[in-house]
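Heads up: the structure comes next, in structure tokens.
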Amino acid sequence: MLFKEIFDRIMSALGLVSLLPVLLICSVLIKIKMPGGPVIFKQKRVGRYGKLFVIYKFRTMSVNHNGSSISVAGENRITPLGAVLRKYKLDELPELWNVLKGDMSFVGPRPDVPGYLDKLEGEYCDILKLKPGITGPASLKYRHEEELLATVDDPQVYNNEVIFPDKVRINLNYLKNRSWIKDLQIIFYTILGKDLKEY
């Protein structure tokens, strides 16, 4: 979808410019409130066609923490400032750079660490034809994922056996039925914090 590619590049550039004051404020706050570590968190994620890329986010956790690849609300490794950044999705603003570079799109499956999407089989592998996104139908459904995981006995098992398979189902449905209009609807619903019932 050429139009989607053009839209992503233009809007991510405009976003980085218009949100520069917010990016600077977040950066300064992280330096002051969370000293001793980098402002930007970098991690390898699985991208389109299974190719690895480096995702950029504001750091929200303490330095040298030990933890799993999933995050649970209330974890000690998430700092007070980090919790605020995560609550309002401000930690994801640097991903606009990933969109500008072409690693990501505004709408698509959220990029996972190796060991999830790249291990899919059969028709589910088709999900890797999509660029990962800042938001998507699965992101809308599980926008309170960290709070949900905090209510279960074993967050890792629940993620692997319940949440991840459901996200795969949703993302495959998105792949088969995606359109420019649906992408705009997903972006609009993301801004409003609403569910997209059809997925």
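Okay, here's what the table says:
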{"read-out": "Top-ranked residue of the range 132-166 - restricted to ones that are under 17 Å from the mean Cα position of the chain (by Cα) and of a type in the set (G, A, S), ranked as nearest to D8 (Cα to Cα)", "value": "G133"}
{"read-out": "Failed condition for F188, given (1) under 17 Å from the mean Cα position of the chain (by Cα); (2) assigned to a helix (DSSP H, G or I); (3) surrounded by 14 or more Cβ atoms within 10 Å (Cβ to Cβ)", "value": "(3)"}
{"read-out": "Any hit, the range 39-62, residues being without any contact (Cβ under 8 Å) to a residue 40 or more places away in the chain and more than 30 Å from V162 (Cα to Cα)", "value": "yes"}
{"read-out": "Qualifying residue in the range 57-69 (condition: surrounded by fewer than 19 Cβ atoms within 10 Å (Cβ to Cβ), within 13 Å of the chain's Cα centre (by Cα) and part of a strand (DSSP E or B))", "value": "yes"}
{"read-out": "Test: residue in the range 5-21 that is in contact with a strand residue (DSSP E or B) (Cβ under 9 Å, 6 or more places away or on another chain), without any contact (Cβ under 8 Å) to a residue 60 or more places away in the chain, crowded, with 16+ Cβ neighbours inside 10 Å and over 26 Å from E161 (Cα atoms)", "value": "no"}
{"read-out": "Odd one out for A83, checked against (1) touching a Lys or Arg at 6+ places or on another chain (Cβ under 9 Å); (2) without any contact (Cβ under 8 Å) to a residue 40 or more places away in the chain", "value": "(1)"}
{"read-out": "Failed criterion for P111 (all others in (1) over 23 Å from Q185 (Cα atoms); (2) part of a loop (DSSP other than H, G, I, E, B) hold)", "value": "(1)"}
{"read-out": "Any hit, the range 90-99, residues being part of a loop (DSSP other than H, G, I, E, B) and surrounded by 13 or more Cβ atoms within 10 Å (Cβ to Cβ)", "value": "yes"}
{"read-out": "Leading residue by the ranking (surrounded by the most Cβ atoms within 10 Å (Cβ to Cβ)) among those in the range 116-159 that are in a loop (DSSP other than H, G, I, E, B) and without any contact (Cβ under 8 Å) to a residue 24 or more places away in the chain", "value": "V152"}
{"read-out": "Residue in the range 124-131 that is modelled with pLDDT of 95 or more and under 15 Å from the mean Cα position of the chain (by Cα) present", "value": "yes"}
{"read-out": "Condition met for P38 (part of a loop (DSSP other than H, G, I, E, B) and at pLDDT 95 or above)", "value": "yes"}
{"read-out": "Among (1) within 23 Å of K129 (Cβ to Cβ); (2) at pLDDT 95 or above - the single one V162 does not satisfy", "value": "(1)"}
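The values are calculated or read from the model by the stated rules, or taken from the named source; none is laboratory data. Since we're looking at a predicted model, the values are computed, not measured. Cβ: placed from backbone, ideal geometry, glycine included. Neighbour counts: every protein chain shown.
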